[in-house]
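The values are calculated or read from the model by the stated rules, or taken from the named source; none is laboratory data. In this text the structure is predicted, and so the values were computed from the model without any measurement. Because the Cβ atoms are built from the backbone with ideal geometry, glycine has one as well, and the counts that use them run over all protein chains shown. Side chains are part of the model used for accessible areas, which takes the heavy atoms of the whole protein and leaves out ligands, DNA and RNA. Shrake-Rupley method; radii C 1.70, N 1.55, O 1.52, S 1.80 Å.
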Amino acid sequence: MTAEEIRLLRLANQHLTAPADKLTVVRDLCGIQAQFLSNAIHAMRIRCADFDESSVGDGLVKNWTIRGTVHIFAEADLPLFLRCNDGRDYRSGDWTGKSWWNQRPDWALTPERQAYLSQIILAAVAEGPCTREALKLRCREAGMTEPEEGSMFDPWGGGIRELCQRGFLNQSVSEEKIFRAAPEFVPIPGEEAERELARRYFTHYGPATVHDAMYFFHATAAQVKKWLSALPMCTCEWDGKTYFSMKEPVPSGVSVPECLFLAGFDPLMLGYEKKESLFLKPEHLRGIFNLAGIVMPAVLLRGQVAGRWKKQGSKLTVELFEPLEDTDRARIRDAAESMWNGITKLEWK
């Protein structure tokens, strides 16, 4: 198999050659990373046949999942993503055990205080969805101190994140941080859940290498190989590497799109070991993956990243990584006009 064929398979498997319905897309892609919601919305826009921004959050929730980052995913997949220590921590109000959070030197909550403030939060969301600031106010009124607030509402999650990961809360799919009560569910046991996520990954991110899956899941090589041994895989070779997939080759007639405006933190960039990307030349790596951990929106031209883009109102700025012929600039311009109505200025850098 050639690199071009692997790229085409990946594009097709990620619904970038033929859009699918929203719930299918988010399930197939194991959710979509969403600490910047606008990026996740755009990632769905370019993949979903039924995309409607006014109802984009219907049937979806936001929570911490793969790689410990915030994703949007189907509410029906809560048992898959929130495994709650194989169910042992599901809706548990016992905070006496050791956790990554309470072992930090600046953690200010005793188990008793964490239990007390957690009940304040849960009582508030039982009345209806609440913003993060509204929950802070409720807790302050109940006596939460400033150091306790720094732990309960740590910028990276803290105590409220633990409530989410124990199946009590979800975030709404909105720019504002709004928390709501999660529906009851039965967590899927860890090994079974990991196997299902691996099946989805190698079906819809494949063909992919062991290193790619390690990067995507933050898993060890041993873990990935265990998943592979439990799944019916197809394999192919390219450039001395073995690629695994659970799908047959793309049907004839499917081709690489001329131009795509990928989202920031797009699954096509995050799904594979970035230093071994087949879509991004090594010399352009920092143009997309910057040192601050941000994954920039990429312009994909005939299957290769040609630059990055930024849209502000009706102005689109495209920063090219290499000089392009006028015909390729025209392809980018045509794709922009097709993607967005009302682009009045296209600026090149």
Worksheet item: Based on the mean of other beta carbon atoms within 10 Å per residue, what is the order of 7-17, 24-34, 117-127, most packed first?
Response: 24-34, 7-17, 117-127
Worksheet item: Per residue, how much accessible area does segment 33-107 have with a 1.4 Å probe, in Å²?
Response: 46
Practice prompt. Note down the magnitude of the dipole of segment 21-166 about its Cα centre, charges +1 on Lys and Arg C-beta and -1 on Asp and Glu C-beta and zero elsewhere, to the nearest 20 debye.
Written response: 320
Worksheet item: HN-Hα J couplings of segment 9-14 from phi, Karplus 6.51/-1.76/1.60, θ = phi - 60°, integer Hz, Gly and Pro as x?
Response: 4, 5, 4, 5, 5, 8
Discussion item. Can you tell me which aspartates and glutamates have their Cα less than 19 Å from the Cα of Lys311? Leave out same-chain residues fewer than eight positions away.
Written reply: Glu53, Glu175, Asp266, Glu319, Asp334, Glu337, Glu347
Worksheet item: Which entries in Lys225/Lys281; Lys98/Lys274; Lys136/Lys315; Lys136/Lys345; Lys274/Lys349 show an alpha-carbon gap greater than 31 Å?
Response: Lys98/Lys274; Lys136/Lys315; Lys136/Lys345
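Trp340 to Ala76: extension gain in nm, 0.36 nm per residue of separation minus the Cα-Cα distance?
91.9 nm
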Worksheet item: Within the P(r) computed for segment 1-138, what percentage of the Cα pairs occupies the region above 23 Å?
Response: 52
Worksheet item: log10 I(q)/I(0), Debye, Cα-only segment 226-349, no solvent, q = 0.12, 0.20 Å⁻¹?
Response: -0.55, -1.19
Discussion item. Quick check: convex hull over the Cα atoms of segment 212-263, volume per residue in Å³, rounded to an integer?
Written reply: 137
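With r defined as the distance between the Cβ atoms of Thr235 and Ala20 and R0 fixed at 35 Å, what FRET efficiency is calculated, to the nearest 0.05?
It comes out at approximately 0.85.
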Fill in: Distance between segment 216-233 and segment 133-159 - C-alpha centres, whole angstrom
39
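Report the FRET efficiency, 1/(1 + (r/R0)^6), for Ser252 and Glu347, where r is their Cβ-Cβ distance and R0 is 41 Å, rounded to 0.05.
The value I calculate is 0.55.
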Worksheet entry | Computed FRET value (nearest 0.05) for Glu273 with Glu127, which takes r as the C-beta separation and R₀ as 45 Å | 0.50
Worksheet item: Hey, got the dipole for the chain? About the Cα centre, +1 on K and R Cβ, -1 on D and E Cβ, debye to the nearest 20?
Response: 380
Fill in: segment 26-87: equivalent-ellipsoid semi-axes (sqrt of 5 x gyration tensor eigenvalues, Cα, Å)
21, 12, 9
Worksheet item: What label, among (i) 145; (ii) 190; (iii) 156, belongs to volume of the Cα convex hull per residue in Å³ computed from the structure on display?
Response: (iii)
